[in-house]
Amino acid sequence: MGVDPAADLAGLVAARTTVRHPREGDLAGLLAELRGLRDREAIRDLALLYTRAVDDHDIDTVVGMYTDDGVFDRRGDVAAGHAALRAAYAEAMDIYRMTLHTLDAHVVELTGDDTAAGWAAGHAELVTRRTTVLAAYRYDDEYRRVGDRWLFARRTIAFMYAVPADELAGGLSGTDRMRWPGTAPEPADYPESLPTWTTYRHRDTARRKGMV
């Protein structure tokens, strides 16, 4: 297995920034490197084109980007399989008259010949009939090669915030940054929930007190 981007950021950093070049004349090694580059590029294109398909409300293309048993997990609301995925995306597309998803970053780690894991981050503008919601999100992904194509096996989305545009200035100052229209404010998924968010503060406090 490779590095799980959701669980081990330090491991992912090490994996993606460590380069071991094949020895001179190692044709098999060079071909393996080339295959890895092409695979990661195809997966990055998958994630980027997904944003266009969602924004275009092209539900057939969106669903077709998942494996037959693919899963979309939106804050614990799970859709599994093409029929459930279609229903989930159709419901969202009915709510939002227009959306603009911008992918800011995407890192891919190959975990096997036909499997990979990834982390992606982005921003979205989501227009309802009454307001525009601004959001920042992260995806933790699992990918699978089916035939010659890379597809989503699982997408799990988490939010740093989702706030109506007219509440943005004050809406980001607290932890209750999930403010979907018509619902009570809820805590955001991250970063406060991350184990690293307070660890360094505890260490720094202990160091100042001479305990470390």
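The values are calculated or read from the model by the stated rules, or taken from the named source; none is laboratory data. Being a predicted model, the structure only gives us computed values, none of them experimental. Using ideal geometry, Cβ is built from the backbone for each residue, glycine included, and neighbour counts are taken over all protein chains shown.
Okay, here's what the table says:
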read-out: Yes/no for A90 being in contact (Cβ under 8 Å) with a residue 24 or more places away in the chain, in contact with a Pro (Cβ under 6 Å, 6 or more places away or on another chain) and not polar (S, T, N, Q); value: no
read-out: Flag for T156 being buried (at least 19 other Cβ atoms within 10 Å of the Cβ), modelled with pLDDT of 95 or more and of a type in the set (V, I, T); value: no
read-out: Any chance V108 is closer than 16 Å to I43 by Cα, buried (at least 19 other Cβ atoms within 10 Å of the Cβ), touching a residue at least 60 places away in the same chain (Cβ under 8 Å) and of a type in the set (A, V, I, L, M, F, W, C); value: yes
read-out: R20 among the basic types (K, R) and loosely packed, with under 15 Cβ neighbours inside 10 Å; value: yes
read-out: Filter pass, R138 being under 22 Å from L85 (Cα atoms) and out of contact with any strand residue (DSSP E or B) (no Cβ under 6 Å at 6 or more places or on another chain); value: no
read-out: Scan of segment 96-105 for residues that are outside any loop (DSSP other than H, G, I, E, B) and surrounded by fewer than 15 Cβ atoms within 10 Å (Cβ to Cβ), ordered by number; value: M98, L100, T102, D104, A105
read-out: Verdict on A136 being among the small types (G, A, S), farther than 17 Å from H106 by Cβ and under 19 Å from the mean Cα position of the chain (by Cα); value: no
read-out: Filter result (in contact with a Lys or Arg (Cβ under 8 Å, 6 or more places away or on another chain), in a strand (DSSP E or B) and β-branched (V, I, T)) within segment 31-89; value: T67, V71
read-out: Residue count, segment 14-61 (criterion: of a type in the set (A, V, I, L, M) and under 16 Å from F152 (Cα atoms)); value: 9
read-out: Any chance V71 is surrounded by fewer than 15 Cβ atoms within 10 Å (Cβ to Cβ), within 16 Å of the chain's Cα centre (by Cα), closer than 19 Å to F159 by Cα and among the hydrophobic types (A, V, I, L, M, F, W, C); value: no
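Residues checked against (1) touching a Ser or Thr at 6+ places or on another chain (Cβ under 7 Å); (2) of a type in the set (G, A, S); (3) modelled with pLDDT of 95 or more:
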{"residue": "A6", "(1), (2), (3)": "no, yes, no"}
{"residue": "L9", "(1), (2), (3)": "no, no, no"}
{"residue": "I43", "(1), (2), (3)": "no, no, yes"}
{"residue": "L49", "(1), (2), (3)": "no, no, yes"}
{"residue": "M65", "(1), (2), (3)": "no, no, yes"}
{"residue": "R75", "(1), (2), (3)": "no, no, no"}
{"residue": "A90", "(1), (2), (3)": "no, yes, yes"}
